[in-house]
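Reading through the structure tokens given below for one structure.
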Amino acid sequence: MTALLPKVTARDRPVPGLRPRRRRDDRKVALLFVAPVLIGFAVFYLYPTVRGAWWSFTDYSLLGEAKFVGLANYAAVLQDGEFWNSMGVTLYYVVFNVTTQTVLALLLAALMHRLTRSVVLRTTLLLPWLVPNVTVGLIWLWLLDTNLGFVNHVITSMGFHAVGFFTNPALGIPTISIVNTWAFTGYTALLFYAGMLQIPHDLYESASLDGAGEWRLFSRITLPLLRPILALVLVVSLIGSFQIFDTVAVTTKGGPVNATRVIYYYIYQQAFNYFHMGYAATMAIVLVLILGILTAVQLRLLRASESQLA
């Protein structure tokens, strides 16, 4: 048994009168670096969230003191037909926007991955995403204007009638969706492209030797191995689409006939046009709950935590 015990040398013995060296604790230094972010989060996110949650139980307006009303605002939201109409308009926009944006981004990413990896092309795709949303809305408002827009000028010069892209109730949401698809598809395509670069090239070579075409390579290799990135993009696109506001505020202002009044714009109207701050906060809380449920269901269906890429 004594042969199995490690030998204790003079170097291992503690020196009398000397304290053992303490291990350096970097947690305080790390907290110092993280502190600005934590303070910013608490001031600009956490505090407004808590205060908004409190306002949802009051009749607060900008003109008077808040009075506690309990669940009266939540009961009013459930019976508010305009709220649910705005939710329906928003859902229509979300489905249209997420579908077109995801399909086009996947197509662009696949073309870049299989045909070219040009840095110039990637930079060009990213340029619309760098333009502020208000500027994007103004540019397309001028381009698609019924009377003075360049697009309608081309249409009328070909012998057709001018199209009311933003004034026709049936075309309002599709037009806004196409505008935002133009702005964000390049960024989404680069996310897909980055995910495709992680797929081993040997898989494509082996499948090509077996006679697989481009569509089979995409459907049997690229798409299954891209599942975590696809889930991330769909969740982010879903949340971002529900938060559509600036494009609507610049172009249609919720019209015509509330055909483009999305939920964020309706909340804005209740808060700053009618000064129903408590009621607007209630709608915002309800929207957060709905988004949380939709996100959880989406992640569950897409199995975002699973990947076939070892």
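For this structure, a couple of remarks:
- Number of residues in region 131-169 that are over 21 Å from residue 180 (Cβ atoms), in a helix (DSSP H, G or I) and open to solvent by less than 60 Å² (accessible area, probe 1.4 Å) equals 2.
A quick yes/no check of all residues on (1) on the phi > 0 side of the Ramachandran plot; (2) open to solvent by 60 Å² or more (accessible area, probe 1.4 Å); (3) of a type in the set (A, V, I, L, M):
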residue: 193; (1), (2), (3): no, no, no
residue: 207; (1), (2), (3): no, no, yes
residue: 227; (1), (2), (3): no, no, no
residue: 254; (1), (2), (3): yes, no, no
residue: 258; (1), (2), (3): yes, yes, no
residue: 265; (1), (2), (3): no, no, no
residue: 281; (1), (2), (3): no, no, yes
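- Annotation: residue 260 fulfils all but one of (1) under 22 Å from the mean Cα position of the chain (by Cα); (2) farther than 22 Å from residue 130 by Cβ; (3) without any contact (Cβ under 8 Å) to a residue 40 or more places away in the chain; the unmet one is (3).
- Just one of the numbered conditions (1) modelled with pLDDT of 90 or more; (2) in a helix (DSSP H, G or I) is not true of residue 204: (1).
- Any chance residue 124 is under 17 Å from residue 181 (Cα atoms) and modelled with pLDDT under 90: yes
- Number of positions in region 236-249 that are surrounded by fewer than 19 Cβ atoms within 10 Å (Cβ to Cβ) and among the β-branched types (Val, Ile, Thr): 2
- The lone exception for residue 171 - which of (1) in contact with a Phe, Trp or Tyr (Cβ under 6 Å, 6 or more places away or on another chain); (2) within 30 Å of residue 120 (Cα to Cα) it fails: (2)
- Of all residues in region 55-80 being acidic (Asp, Glu) and under 12 Å from residue 277 (Cβ atoms), the one that is modelled with the lowest pLDDT: 65
The values are calculated or read from the model by the stated rules, or taken from the named source; none is laboratory data. This one's a predicted model, so the numbers in the text were calculated from it and none came from an experiment. Every residue, glycine as well, gets a Cβ built from its backbone with ideal geometry; the counts of neighbours run over all protein chains shown. For accessibility, only protein heavy atoms count, side chains too; no ligands or nucleic acids. Shrake-Rupley method; radii C 1.70, N 1.55, O 1.52, S 1.80 Å.
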